[in-house]
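Scroll down for the structure; my scribbles are underneath it.
Derivation of every value follows stated rules applied to the coordinates shown; laboratory data play no part. Because the structure is predicted, anything quoted here is derived from the model rather than measured. With ideal geometry, Cβ positions are generated from the backbone for all residues, glycine too; neighbour counts draw on all protein chains shown.
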Amino acid sequence: MIEFNTFLFVFLVVFIGQSIFSTWLDRINIGYAQKNPGKVPQGFEEFLDAEKLARMGAYTARKGRLGIIGEIVSSVVLLVILLSGILPAVAAGLAGLGPTSILAGLIFFFIPGSIQFLAELPFGYYNTFVIEEEFGFNRSTLKLWIIDHIKSGIIGTVLFAALFSILMLLIRYSPLHWWFWGFLIVSAVQVLLAVLFPVVIAPLFNKFEPVKDEELSRKIMSLMDENGIRVKKVLQMNAGVRSRHTNAYFTGIGKTKQIVLYDTLIESHSHDEILSVLAHEAGHFRKKHVLKQLAVFSLFLLAAFYITWLFVRWPLPYNTFGFSTILPYAGLFLAGIVWQKAGFFLQPFYMSISRRFEEQADTYAVNMLRTASPLVTAMKRLSADNLSNLNPHPLYAWFHYSHPPILKRLNQLEEAQRKLGERGTDQTRRAAGS
């Protein structure tokens, strides 16, 4: 039976407060995006008109409203699961398996996880086959959508089961130090997944092949070689079978490192624009942003494991939610919810680091290409083609944007171009003086 105490009060304040704050952010962002409909930003005239700008605002609003409803439903379902007594009943039924049983823990996680998945599934369907369809992005079929979910479910379940099993064994045989060994193992698995993703996981969902445009492929390899970046493969991905959205990215570590272009990007952008996007991605590589992000994340992960260890050993959460004894797998479940809700308020820190790295990658691309023009054009075309929100609320962007808002990003590119010109002028003067 649920015990009403200070811990439950604080938990509910954080849980409900996060949900309310998150939905409020979505609401103010929707209103802010529609603040100046019809006013095409300076420099976008070639890519936008008033009608398309209105579609951008409508797209942001539709996605945002769906997100609000989804957030409310997901939070209510989870709260019902926590306060209804379902979890202690499940744990009681599994008591014969033991408090550190791997099978008991997997069953315990599977039941609420399945309920949450089913509750959230209709929103994913509506997003793909109603909103994305309405705005001309969706190319997926129901069959492909279902297959993708089955594949994702299998991969996610296998990975979770493997890591969870290891954690439960560590808890059983090293109750005082499992948090540290768990941190090391999870960190190693992250690196392993980064290596295996492009060659094992990604091909399960998409077809990858050498870029068919041989001239573009030569230009890419030449650009990378000139800047000391060794990439074995330049591939195009059949992203167009699911969506018209465009993108490009570096992936892999070491021998699995490769460049991937969406086929939709190749179809809609010039060679110079594509090269500028890849120069930006090269900036991430040369600046070692992946390693830096991994280092920062590892520090937080280590702290999170230690705090989770303390939480799992603490009797109060178990008593509060109706458990008759300390059950490590139940403690991990409750800790996961606490991190999910409280961790939301740490997002601005992660996002600020990411935005800083994006600025550095943009500057690198300008210096690499000796001009900002193709990247500026590419950013404008990407924004127009993807119906990106050109006018996000600053607070929303602070919490959610891993990249600077597009108008700010364009200003930063212009500043990088100005500094590049100043350096060129200084070099010319020094050469003339010598």
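Which angle from 0 to 90°, rounded to the nearest 10, does the C-alpha axis of helix 178-196 make with the longest principal axis of the chain?
40 degrees
Using amide H atoms built in the peptide plane, which far-off residues or other-chain residues are under 5 Å from Asn206 H to H?
For Asn206, no residues qualify.
With θ taken as phi - 60° and the coefficients 6.51, -1.76 and 1.60, list the Karplus ³J(HN,Hα) couplings across the stretch 169-176 in order, rounded to whole Hz; mark glycine and proline as x.
5, 5, 4, 5, 9, 9, x, 8
Scan the chain and report its longest stretch carrying no GluC sites (Glu not before Pro) that are both in a DSSP loop and have at most 15 other Cβ atoms within 10 Å.
Longest run free of exposed loop sites: 47-434.
Taking the Cα centre of the chain as origin, work out the dipole magnitude from +1 charges on Lys and Arg Cβ and -1 charges on Asp and Glu Cβ, in debye rounded to 20.
780 debye
Considering all alpha-carbon pairs of the stretch 195-258, what whole percent are spaced by more than 17 angstrom?
Considering the stretch 195-258, 45 percent of its Cα-Cα pairs are separated by more than 17 Å.
Contact order normalised by length for the chain, with contacts defined as Cα pairs under 8 Å and 6 or more residues apart; what percent is it?
21 percent
Per DSSP H run of at least 4 residues, take -39500 (n - 2.57); add these up for the chain, divide by its residues and hand me the 222 nm value, nearest 500 deg cm²/dmol.
-23500 deg cm²/dmol
For the stretch 367-397 and the stretch 63-115, compute the distance between their C-alpha centroids and round to whole Å.
Using only Cα atoms to place each centre, the spacing works out to 41 Å.
Given H placed on each backbone N at 1.01 Å, which residues far from Gln236 in sequence or on other chains put an amide H within less than 5 Å of it?
Glu209, Val211, Leu261
Pairwise over distinct Cα atoms, reciprocal of the mean inverse distance: report the Kirkwood radius of the stretch 149-200 in Å, one decimal place.
About 12.1 Å, per the Kirkwood formula over Cα pairs.
Quick one: if the Förster radius is 35 Å, what FRET efficiency do Arg230 and Leu204 give, using the C-beta to C-beta distance and rounding to 0.05?
Given R0 = 35 Å and the Cβ-Cβ separation, E is 0.85.
So what is the relative contact order of the stretch 300-434, in percent, for Cα pairs below 8 Å that sit 6 or more residues apart?
Reported as a whole number, the value is 23 percent.
Looking at the P(r) of the stretch 301-434, how many percent of alpha-carbon pairs lie beyond 20 Å?
64 percent
When a/c reaches 1.5 or more, the comparison of a/b and b/c decides; with that in mind, is the chain rounded, prolate or oblate per its Cα gyration tensor?
The shape class here is prolate.
What are the radius of gyration and Dmax of the stretch 201-349, computed over its Cα atoms and given in Å?
Calculated on Cα positions, Rg and Dmax stand at 22.2, 68 Å.
Select from Leu332, Ser388, Leu413 the residue farthest towards the positive end of the dipole of the stretch 317-434; place +1 on Cβ of Lys and Arg, -1 on Cβ of Asp and Glu, and compute about the Cα centre.
Leu413
With θ set to phi - 60°, apply the Karplus curve 6.51 cos²θ - 1.76 cosθ + 1.60 along the stretch 290-296 and write out the HN-Hα couplings as whole Hz, x wherever there is a Gly or Pro.
The phi angles translate into 4, 5, 5, 5, 5, 5, 5 Hz.
Under the rule a/c < 1.5 gives rounded, and otherwise a/b versus b/c splits prolate from oblate, where does the stretch 372-413 land using the Cα gyration tensor?
Verdict is oblate for the stretch 372-413.
Taking the Cα centre of the stretch 123-252 as origin, sum charge times position over the Cβ atoms of Lys and Arg (+1) and Asp and Glu (-1), and report the length of that vector in debye to the nearest 20.
Using only the charged Cβ atoms, the result is roughly 320 debye.
Just want to confirm a number: the relative contact order over the stretch 219-311, from Cα pairs under 8 angstrom separated by 6+ residues, in percent.
This gives 24 percent for the stretch 219-311.
How compact is the stretch 1-109 by the rule of thumb for globular proteins, expressed as Cα Rg over 2.2 N^0.38 Å?
With N residues counted in the stretch 1-109, Rg over 2.2 N^0.38 Å equals 1.72.
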